Amino acid sequence: MFRFDISCGLLLLTFVGCNKSSGIVQYEAPRESDKVLTTDLLRDQFDPIPFRWKVPAEWTEAENDQFSAIAWTVGSKSDPARITVSGLSAASGLEAQVVRWRGQLNLPEMGVAEVMKSVKDVTLQGATGKWCEFKNDTESILGMIVPHEDKLWIIKFRGENATADKVRDAFRGFCESLKVE
């Protein structure tokens, strides 16, 4: 009998709930892929960057990619170099990051101990950074990795060798201007 009551109730709701005056309302929400990933949007989605710095005037703020918390471009308009700040889990490891950069430039494989000889300590206000430079025939990566709390903060320049030569001192000055807040 209980089964009959539920069936009758559902049938009754079907007829009562549908009438000619009820319309279908459609809503349209923007897809995630339609969002423009701006620096401000990504800054809100990432953990706060624990540093302040002095950005050179010739750098132009750029759109972020999936990894960067903030980005700039510098150099020629046709082939600008990219500068990014990203936060990674400290568990990812300093050595792995340095080896990965060499791989991005297709440099010959070396042992981790040998690669790490090229990494130099840089004393910052409130932290110690790890500075490194890599170059192939056409492209350079300059970077500083700053361990802070449970993260590795990656400050990276990637661009043509000619641009790297021109902006190396300004990029290094930017990295050295980092102050932990």
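Quick notes on this structure:
- Applying both filters, DSSP loop and at most 16 other Cβ atoms within 10 Å, to the GluC sites (Glu not before Pro) of region 89-129 gives E109.
- Exposure proxy order (Cβ contacts within 10 Å, fewest to most) of V112, V122, V85: V112, V122, V85
- 13 Å beta-carbon shell around K120, net charge (K/R +1, D/E -1): 0
- When each of K117/K179; K77/K117; K54/K120; K130/K179 is checked by Cα-Cα distance, pairs over 24 Å: K117/K179; K77/K117
FYI, it's all coordinate maths here, none of it is from the lab. Quick caveat: nothing in here was measured; it's all calculated off a predicted structure. For neighbour counting, all protein chains shown are included, and Cβ atoms are generated from backbone atoms with ideal geometry for every residue, glycine included.
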